[in-house]
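What follows is a short report on a single structure.
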Amino acid sequence: MARNRSTRGRSTGNGDDAAKLALLTLLVLAGTGRALCAWLAVWWPVLALAGAVVVVLLTWRVLVLRRRARWRAARQARLDQQVAATDGMSGADFEQLVARLLRRDGWRQVTVSGGSGDLGADVTARHPGDGSLLVVQCKRYTDRAVGSPDLQRFLGTVFHHHRADHALYVTTSTYSRPARALAAGSGVQLLDREALATWMTGRSLALDAAVQTVAR
């Protein structure tokens, strides 16, 4: 009996302690809330000004980034009209240039996949009208012409592996006579430096004039 009274006493004491702790917590929260309200009443103009400054700075930063992007795009567009700009390009840069020109002319799904495993398909694109597949090989040469062996490697994959409807070979240089003869009978359209310069100045790459479809 005495043990039960002792247990009830400890339970009552624990309940009192919990109530006191809860009351103390409420008092602390109430005091903190009043202090916060008082602090905000004094400092809210400063906080509002700081927030406005942050918004202005972020807006200014966005405008600056957009202006830089427009300037870079305009500069790139000017460079894309000058064939001499290709002399300082890497092979990858030249592939990107050809891709931009195709997009400018309205070709869809333009993809740059140049590299050691591209099997001759540096750039691929879909015709905006009938969706036919164009495969482009890009060669940025400055010290030699594209020869017949170069073209033979392209022919080995462009139609049978890539299943291209149209094949285009673009170079910053020229083509040897054997390479031109091979292209004439294989359905590959060649663009040399002079034709590339004309394309870059804004003349569209017309499908019926620039690329030939090969019947398979």
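Listing for the model above:
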read-out	value
Residue-level accessible surface for Trp60, protein heavy atoms, 1.4 Å, Å²	150
Amide H contacts under 5 Å for Tyr175, placed H, 5+ residues apart	Val146
Burial ranking of peptide ranges 156-163, 91-98 (average Cβ count within 10 Å, highest at the top)	91-98, 156-163
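The values are calculated or read from the model by the stated rules, or taken from the named source; none is laboratory data. All figures in this text were calculated on a predicted structure; none of them were measured in a lab. So basically every Cβ, Gly included, is an ideal-geometry build from the backbone, and we count neighbours across all protein chains shown. The accessibility values were calculated without ligands, DNA or RNA, using every heavy atom of the protein model including side chains. Shrake-Rupley method; radii C 1.70, N 1.55, O 1.52, S 1.80 Å.
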